[in-house]
């Protein structure tokens with residue numbers, strides 16, 4: 001399976017690590033700045049190409065790791081060429097574009113995925129498998145990361161950049177959509193750019209939730225927290241703590257897991273989750289049956305919710 005990467009910035013470099021670990025074949029890279037791709041190829045086991053057509057001629061599947069405003073045109077072109085796709089989130093800038101991307105992926109019968117790597121956190125696997133808390137009826141999820149150097153780009157507001165992960169995450173955990181009519185949105189701004197966003201509401205079956213996404217200048221504040229209140233117990237996780245998770249039963253007793261909590265690249269489990277995500281996608285395009293991959297259907301669903309939340313002032 002020959003793979004190409006479009007865009008060798010921060011995200012593209014993360015994906016390249018996975019390919020180099022998991023695939024024995026050479027892979028191909030393209031960047032709009034040819035010099036960047038050539039320099040990248042000198043230190044990696046890949047070949048830089050000068051045009052997208054050359055990339056498509058040499059590959060079976062592509063990873064699109066470029067800015068969001070380029071996703072629509074690049075994804076549509078790749079699918080027209082018959083390539084399987086892994087596209088970074090958000091799926092596009094507009095719901096109408098995402099809908100066309102989804103329609104073509106179905107028409108071409110291609111395996112197309114969105115980079116919702118939070119699905120691949122180890123804590124997510126624990127949450128999906130454990131049944132100690134009973135039925136969920138309230139969920140609170142918080143993500144706080146450092147400001148990006150380019151955060152003033154219009155697509156890098158915190159709701160679009162980080163909040164989109166939480167939108168997908170809540171639907172993945174609950175196996176149900178968000179009831180948008182129940183939702184309230186509160187956003188805080190610096191120079192007209194949102195740096196903190198709080199979305200509260202209910203899923204379609206009435207599970208209440210709060211999603212908090214924000215940026216910080218303090219590395220010690222970087223975190224990912226989950227609290228899920230169930231009919232039998234409450235599940236808590238804090239990425240800053242040495243405890244991986246704790247469960248408080250309704251009788252007041254506790255179940256702890258004392259596995260050491262590792263932090264990598266300034267944010268827990270980030271690189272490893274991309275590794276697990278990309279391996280799952282590669283297995284899928286190689287013909288294996290997988291369950292956790294975020295499809296274009298998932299991307300489209302998240303895009304509709306994002307556009308609705310962004311419209312709330």
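Every number here is computed from the coordinates shown, using simple stated rules; none is lab data. Computed from a predicted model, the values in this text were never measured in an experiment. Quick reminder, even Gly has a Cβ in these numbers, built from the backbone with ideal geometry, and neighbours come from all protein chains shown.
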Using label points projected 7 Å from each Cα along Cα→Cβ, tell me how many nm separate residue 258 and residue 289, to one decimal. 4.1 nm
To the nearest 10 degrees, the tilt of helix 71-80 (Cα long axis) against the first principal axis of the alpha carbons of the chain is 60 degrees
In nm, to one decimal, how far is the residue 53 label point from the residue 147 one, both placed 7 Å along Cα→Cβ? 4.4 nm
Against the longest principal axis of the chain, how steep is helix 270-285, in degrees 0 to 90 to the nearest 10, with axes from Cα atoms? 60 degrees
What's the ranking of 219-228, 107-116 by average number of surrounding C-beta atoms within 10 Å, highest first? 107-116, 219-228
Multiplying the sequence separation of residue 81 and residue 95 by 0.36 nm and subtracting their Cα-Cα distance, what value in nm do you get? 2.8 nm
Taking only C-alpha positions in region 206-310, Rg and Dmax in angstrom work out to 17.3, 48
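Please order 239, 200 by the number of other Cβ within 10 Å, starting at the fewest.
200, 239
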GNM on the chain, Cα springs under 10 Å; top mean-square fluctuation among 202, 191, 88 goes to 191
For the chain, what is the calculated [θ] at 222 nm in deg cm²/dmol (nearest 500), taking -39500 (n - 2.57) for each run of four or more DSSP H residues and dividing by its residue count? -10000 deg cm²/dmol
Hey, in the GNM for the chain with a 10 angstrom Cα cutoff, which one of 25, 298, 57 fluctuates hardest? 57
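Where the eigenvalues come from the Cα gyration tensor of the chain, what are the semi-axes √(5λ) of the equivalent ellipsoid, largest first, in whole Å?
Numbers: eigenvalues 218, 91, 78 Å².
Square roots of five times the eigenvalues give 33, 21, 20 Å.
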Between residue 13 and residue 200, what length in nm is gained on full extension when 0.36 nm per residue of separation is reduced by their alpha carbon distance? 63.9 nm
Quick check: pseudo-label points 7 Å beyond the Cα along Cα→Cβ at residue 21 and residue 234, how many nm apart are they? 3.5 nm
Radius ratio Rg over Rh of region 3-117, counting only Cα atoms, Kirkwood formula for Rh: 0.95
In degrees between 0 and 90, to the nearest 10, how far off the longest principal axis of the chain does helix 95-108 point, with axes built from Cα atoms? 60 degrees
